[in-house]
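One structure is given below, encoded as structure tokens.
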Amino acid sequence: MSPQQKDLVKATVPVLKEHGVLLTTHFYNRMFTHNPELKHLFNMGNQQNKRQQTALAMAVLAYAEHIEDPSVLLPVVDTIGHKHASLHIRPEHYAIVGRHLIASIAEVLGEAATPELLEAWTVAYTQLAGLMSGREQQIYDEKVALPGGWSGWRPFVVRKKVRESEEITSFYLYPVDGGAVADFKPGQYISLRLFLPEYNLQQPRQYSLSSAPNGEHYRISVKREAGSQHPDGMISNRLHDFVEPGDMIDLSAPSGNFTLKAGDGKPQVFISGGVGQTPLMAMLESLVRTDASTPITWVHGCKNERVHAFKADLNAIAEQVARVEKHFFYDSAESLSHNEYLGWVSLDQLPAETLHPEAEYYICGPGPFIRQHYRYLVDRGIDKANIHFEEFGPLSLSVN
């Protein structure tokens with residue numbers, strides 16, 4: 001990009017801050033009108049609740065703000081790249097998106113969208129698309145290189161369906177072809193897709209793998225969403241209500257960069273809220289199996305014991321492995337046992353020695369939950385590089 005073009009892109013930052021969601025909403029409406037086939041690639045629930053429009057607006061704004069040095073966005077590019085690879089996004093999709101994005105800028109800005117500005121954003125988008133698709137190709141190559149790995153969609157069969165709590169059910173998924181399945185890094189997720197006849201759409205969703213790698217099957221643990229019309233329940237509730245052992249589901253290979261950082265003996269602390277414990281369960285199981293000495297602390301909060309999935313498993317692990325310390329928080333409880341607390345997760349209620357200064361911390365739950373505990377740890381001197389978190393859904397959380 002020329003210096004003049006960079007200046008033009010930077011000059012749109014105030015407009016993006018004020019009207020970014022308006023722009024991205026117009027963009028998605030335009031794209032789905034002209035290219036309705038892309039509805040099969042996008043989570044239409046996140047279109048209903050506006051999370052996708054907000055996430056894209058934040059991404060476009062961040063890119064404009066850092067147009068002088070896009071390399072500072074590489075961690076975000078990696079996270080989005082994993083999500084795109086999980087959904088089998090290809091370079092040709094970037095061409096379609098780019099065409100509608102530039103057209104949307106012209107239509108929303110009107111006379112302010114000069115030919116020079118549109119050309120500058122065209123060059124900027126082309127640069128971003130090349131950066132993104134290049135990283136995604138690396139991820140595809142890494143997937144295929146693994147024993148039992150693949151790219152695109154692969155049919156799996158549900159062999160077992162286990163109710164873990166009043167809200168969460170686990171699905172055990174085996175490849176239809178009988179072949180091996182790729183190992184994964186604990187904390188990663190898969191995408192699955194189901195056909196929704198009421199919308200005449202294939203819809204993909206991403207679910208964390210909730211057990212350690214085993215080479216034979218994957219397990220996901222899915223929360224039922226309250227209300228049949230809840231956007232987040234379009235697929236999750238269908239899995240609960242209609243998918244049974246023997247049914248087939250298409251899966252993508254594991255993706256994600258929210259992964260276990262063990263191996264150097266540093267204490268590991270897992271902090272979760274609700275269904276956010278699912279990727280942490282895979283991390284915990286893997287750590288217990290492969291590491292005989294690392295201290296582990298498990299902190300989890302949920303509404304009550306009836307919705308507390310995996311409690312029996314966690315109690316059994318803590319009884320068998322002395323270095324595992326667990327703490328449970330409940331919004332309501334008829335009685336409390338040792339290391340159980342009433343109320344939301346509050347790290348300052350834990351013993352002072354629980355939060356090791358040099359530990360690796362993993363936080364997963366709703367956005368406000370992550371933000372609260374991230375700030376708590378940073379305020380107490382924990383290095384930000386040692387705090388890892390994952391927000392379910394479109395990337396929109398900023399904690400700095």
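The values are calculated or read from the model by the stated rules, or taken from the named source; none is laboratory data. All figures in this text were calculated on a predicted structure; none of them were measured in a lab. Every residue, glycine as well, gets a Cβ built from its backbone with ideal geometry; the counts of neighbours run over all protein chains shown.
Filtering 139, 80 for residues that are modelled with pLDDT under 95, part of a helix (DSSP H, G or I) and under 19 Å from residue 206 (Cα atoms) leaves a single hit, 80. Restricting the range 200-212 to residues that are in contact with a helix residue (DSSP H, G or I) (Cβ under 7 Å, 6 or more places away or on another chain) and either of a type in the set (Phe, Trp, Tyr) or part of a loop (DSSP other than H, G, I, E, B) (or both) leaves a set whose member that is farthest from residue 279 (Cα to Cα) is 212.
The C-beta contact set for the range 89-111 (first residue more than 15 Å from residue 132 (Cα to Cα) and free of Cβ contacts under 8 Å to residues at least 40 places away in the same chain, second residue of a type outside the set (A, V, I, L, M, F, W, C) and part of a helix (DSSP H, G or I), distance under 8 angstrom, 6+ apart or interchain) comprises 102/122; 102/125. Taking the criterion of being closer than 30 Å to residue 154 by Cα and exposed (fewer than 14 other Cβ atoms within 10 Å of the Cβ), the residues of the range 116-144 that qualify are 130, 134, 138, 141, 144. Scanning the range 237-295 for residues that are in a loop (DSSP other than H, G, I, E, B) and polar (S, T, N, Q), we see that the one that is modelled with the lowest pLDDT is 293.
When the range 171-210 is limited to residues that are of a type in the set (Ser, Thr, Tyr) and crowded, with 20+ Cβ neighbours inside 10 Å, the one that is farthest from the chain's Cα centre (by Cα) turns out to be 210.
Among the candidates 85, 62, 55, 103, single out the residue that is in the same structural domain as residue 133 (by TED's automatic domain parsing), under 18 Å from residue 32 (Cβ atoms), within 26 Å of the chain's Cα centre (by Cα) and surrounded by 15 or more Cβ atoms within 10 Å (Cβ to Cβ). When all the criteria are applied, what remains is 55.
If the condition is being under 27 Å from the mean Cα position of the chain (by Cα) and either aromatic (Phe, Trp, Tyr) or surrounded by fewer than 17 Cβ atoms within 10 Å (Cβ to Cβ) (or both), then the range 14-29 contributes 17, 18, 19, 21, 22, 27, 28, 29.
Considering every residue within the range 324-347, establish whether at least one is assigned to a helix (DSSP H, G or I) and at pLDDT 90 or above. Yes, that holds for at least one residue.
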